[in-house]
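Have a look at the structure below before the remarks.
The values are calculated or read from the model by the stated rules, or taken from the named source; none is laboratory data. Note that the structure is predicted; figures quoted are calculated from it, not measured. Note that each Cβ is placed from the backbone with ideal geometry, even for glycine, and that neighbours are counted across all protein chains shown. When the accessible area is computed, the model is the full protein with side chains, heavy atoms only, and any ligands, DNA or RNA have been set aside. Shrake-Rupley method; radii C 1.70, N 1.55, O 1.52, S 1.80 Å.
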Amino acid sequence: MEGYDHTEIEKKWQARWKDADLYKTPDAVEGKENYYFLTEFPYPSGNLHVGHWYAFSVPDIFARYMRMRGYNVMYPIGFDAFGLPAENAAIQRGLNPRDWTFSNMEYMRNQLLSMGASFDWSREVITCTPEYYKWTQWLFIQLYNKGLVYRRETSANWCPKDKTVLANEQVVNGHCERCGSPVEKRMMPQWNIKITDYADRLIDDLAGLDWPKQIKDAQINWIGRSEGAEINFALTFTYKPEANDNRGPNGEKAQLSVFTTRPDTLFGATYLVLAPEHLWVTLATDDNHDVLENKDEVRAYIAAASKKSELERKENKEKTGVEVKGVVAINPANGQEIPIYVADYVLGGYGTGAIMAVPAHDERDFEFATKFNLPIVQVIEPTYYQTTEPGKIKEGEPFDHREAIIAIVKHWSEDKYMALKWKKVAWGTFITGGIEEGQTPEQAAQMEIEQETGYLHARPVKNFGVVHGKFYHVPKKTNRNAHAHVVYLELEDDEQKPVADEEKDMHELLWLTADELQKFLTPDTHIYGLKMLLGTAGIYTDAGTLANSGQFTRLESEEAQAKIVEFVGGKITKQYQLRDWGVSRQRYWGVPIPMVHCENCEYVPVGDEQLPVVLPEISDYLPTGDGKSPLAKATDWVNTTCPKCGGPAVRETDTLDTFVDSSWYFLRYADPKNTAEFASKEKLENWLPVDLYSGGSEHTTMHVLYSRFWHKAMFDMGLVNTPEPYLKRMNRGLIMGPDGQKMSKSKGNVIDPDEIVRQLGADTVRMYLAFIGPYNEVGAYPWNPGGTVGVRRFLERVIKLKVGGNEPLDSKTDAVLHQTIKKVGDDIGTLKLNTCVAALMTLLNTFEKLDTVPHDAYSTFVQLLAPFAPHLSDELWEKLGNDSSVHLVAWPQFDPAKLVADTVIVGVQINGKARGTVELAAGVTQEEALAAARSNENVAKWLEGKVEKRAVYVPGRIINIVVD
RNA sequence: GCCGAAGUGGCGGAAUGGUAGACGCGUUCGACUCAAAAUCGAAUGUCGCAAGACGUGAGGGUUCAAGUCCCUCCUUCGGCACCA
């Protein structure tokens, strides 16, 4: 074939595929397994960018490969067609959002066709059509009937200047995207979906999914499950003691419930903090109650806190708060009265909106307590576990306990400290020792210093308290828990008595500076001691050993938690960072929420027979100034009758979050034209769950989580068969501009795929994108114009290969061919498409060394190339004399016997260093291989005069000869 | 701060514990050409004339053999973040 007219070839084959309906996917095919390969459907923004090519043309390689492997593959496409940009276009440019959206889709459809992707267009799903959103509404109503939808005052982003609600995407750094005013939070009644009911299942069911760990972790992190306890603190009113009849401001029992993950620190709780929004605070400061001594002051604080914008809260993290005077709480662990504060570092929406503050063991409480001069009581002593040798804890063996000291001893004249270098165990420590009966830690330290070093006059300066070290005591053959008092002493002079020889044999005495000690010390307990000395220890927030905690003192955190919760009558609970899903949007271009409000019946869902609630045409898309959707202006549409009682009623005018539309679209692909159901049971069974879902990492925690929840809710209602929608999920990487920066018009680094396709062809672009890096890993790949040239050259060289008759391939070339078949198949399977392309290039390089490539070998090559360069491959396939498309041909098989050539080149190492190579016949014995290695000139040189100690031969891989 | 991923030539990136840098780009030299482009051939980790030495973020360890496994640390990127 002469030349490479990609435009001609691509046009020709795209037309032929279309005429032949080549990619229409039957619901089922006798003898073939169905494979559902899903990619996130695009938003019809108006133009395809390189990212779209990466999202759709590269996965098409996998879809085509799976078809050639004999699967009935569904690779569908559609449009996520509701959403804000259409509405903005309407407002800014006076366009109709529907027209804008549909003309964009028309344009993008042609662009998508130019990829040569094997989409089944007969299954196209468009979320903004009534045929689709009828079922979005129907499913919403099913969730409502199931009790998973509720209406509640929820905070929304409010722009005070534009007088409108803003979507999260319209808030940029806390400011309105349009006018730049600081965004406020405003409470509005909105529809919410109880995704939190599914929080545990959304975490726990991940265990059974074949997903990358990073995606699972991101979801787990986002849901944010914490296990802890709710503990009640009884209140005593001191300003109005008559309130002490055990009644709270609203008649409830006078107590406050806090959530904590650290009930083991309860004895150290020295005050309580309530969020400004906390109900108790709201009630206690309202006009009907008078139990607080400083009601006005508290009120003023609450008002100031609510005025703080999101931005101010983020920027200014300095703790603020006010004491609630006239009432105190009782710490249920020790009966002590503790003060109550209101402070906005406690969040109203999490836990009970109230915390017990343990300033000794929590950074935030410590900061607050320091600022407000509140007591700080240490109740946890640091505890360290030796996890590496020497001294690694022996699992399952009991611990003996021992009172001990760690003595930090300063030099009499220099800024240096005593350190011991241990001879048997290669440890570096301070002076350590046990405490005898009746000794103070200081006395024990002085005694130990004298014994181990001979110094007589160490003056105790400070006791830093106890640190627990748990380790395996090698000489005593037991696990030990040393309760070590860290004592700091200073030598007054260098007067010294002789040291016993057995001490000298054990360790060497060194004088080290603090810096040197940091590198020298081995056990964590000693490093902790050094940090205490230097004042860099900070507060201890980890689990440890209890102190100052009554009968629980000396227990370890884990054990103490359950016991303390039981002791004070608390309740073990879980909390989540995940919030319920607010789905109301005060927007026009979305699915109308199918609810009607009737004065008698409250909110009633629209009856099935009235679905869909069609989005009415309106002329003014501007939102109303009071935060309602523009739909509120369509009064004819708004006024309706109640589906329940037939009385006058009004429609809900908010529309649904577009994440609702995309929570079930993949189900519709199975049965896109169904008018009686969202999809038939039978067709769902054909296709669900999705075998592999490819998408962007930005959807890991939102769309993927929402749709998993939605699917589970549907599963519980018997609407789908599986509790999870996606068997596998992968996040693709990002394509950056040639400068490595994110592509943006302002940076002028945008690559227009249409332009590149015009110049180099779709096959080149597809293959280049596959070559750029592994597809199954999240990475950022700069667009490299040179790289596209390399791929284009490759395709031109493929065309130029001279095809011969059917002479057999030589063994080496045949081995490369079969290795390539294996490699390309294996690597497409794991989406490492970059190495597939490299393997094809290697095969081409090998073929180019031949005068002519045998016809069959060339055919195989074209088959391997077919998923990557579908147009050119079909063209070459036709030129080879075939009548039907290469895309209908089965994937080539490799012959395992031919993977290895007759001879292989094996590297030879001497003492692990590469010294030469030998060519060996396949299947030689170790003796033969070694003999060949020894007789190799280079190798022999290195063996001369040396004694061989050992030889390792890994067939086909390496020979390693170990010499003296 | 917490969670996750990753650090390999000038660049994108390869490497079941087995000759580090496949493949491509770029660069250099050569062929073809009046010339250039395109194409083809050769070279291309660093230092060194060479023999060789050194090389996968740093430092230790395991191994006949470590980019790969283990420990400590550093850096970059992504997500979450006053979540008790």
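Below is a table of values for the structure above.
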{"read-out": "Search result, residues across the range A:666-681 that are of a type outside the set (D, E, K, R), surrounded by fewer than 20 Cβ atoms within 10 Å (Cβ to Cβ) and without any contact (Cβ under 8 Å) to a residue 60 or more places away in the chain", "value": "A:Asn674, A:Ala676, A:Ser680"}
{"read-out": "Residue selected from the range A:828-852 under the condition within 14 Å of RNA strand B (Cβ to nearest atom) and touching a strand residue (DSSP E or B) at 6+ places or on another chain (Cβ under 8 Å), by the criterion nearest to A:Gly881 (Cα to Cα)", "value": "A:Phe847"}
{"read-out": "Qualifying helices (runs of 4 or more DSSP H) (wholly inside the range A:698-813; at least 2 residues being under 19 Å from A:Val50 (Cβ atoms) and within 34 Å of the chain's Cα centre (by Cα))", "value": "A:753-760, A:762-771, A:785-800"}
{"read-out": "Where A:Val939 falls short, out of the listed (1) free of Cβ contacts under 8 Å to residues at least 40 places away in the same chain; (2) touching a strand residue (DSSP E or B) at 6+ places or on another chain (Cβ under 9 Å); (3) within 26 Å of A:Ala897 (Cα to Cα)", "value": "(3)"}
{"read-out": "A:Glu124 among the charged types (D, E, K, R), open to solvent by 10 Å² or more (accessible area, probe 1.4 Å) and touching a strand residue (DSSP E or B) at 6+ places or on another chain (Cβ under 8 Å)", "value": "yes"}
{"read-out": "Of all residues in the range A:885-916 being within 12 Å of RNA strand B (Cβ to nearest atom) and polar (S, T, N, Q), the one that is most open to solvent (accessible area, probe 1.4 Å)", "value": "A:Asn911"}
{"read-out": "Among (1) at negative phi; (2) in a loop (DSSP other than H, G, I, E, B); (3) touching a strand residue (DSSP E or B) at 6+ places or on another chain (Cβ under 9 Å) - the single one A:Val377 does not satisfy", "value": "(3)"}
{"read-out": "Residue count for the range A:764-806, restricted to those that are open to solvent by 30 Å² or more (accessible area, probe 1.4 Å), β-branched (Val, Ile, Thr) and either near RNA strand B (Cβ under 7 Å from one of its atoms) or in contact with a Cys (Cβ under 6 Å, 6 or more places away or on another chain) (or both)", "value": "3"}
{"read-out": "Members of the range A:858-869 that are open to solvent by less than 10 Å² (accessible area, probe 1.4 Å) and either away from RNA strand B (no atom under 15 Å from the Cβ) or part of a helix (DSSP H, G or I) (or both)", "value": "A:Tyr858, A:Phe861, A:Val862, A:Leu864, A:Leu865, A:Ala866, A:Pro867"}
{"read-out": "Among the candidates A:Gly825, A:Gly737, A:Gly761, residue that is away from RNA strand B (no atom under 11 Å from the Cβ) and out of contact with any Ser or Thr (no Cβ under 9 Å at 6 or more places or on another chain)", "value": "A:Gly825"}
{"read-out": "Looking only at the range A:927-964, and only at residues there that are among the polar types (S, T, N, Q) and at pLDDT below 85, the one that is surrounded by the most Cβ atoms within 10 Å (Cβ to Cβ)", "value": "A:Asn936"}
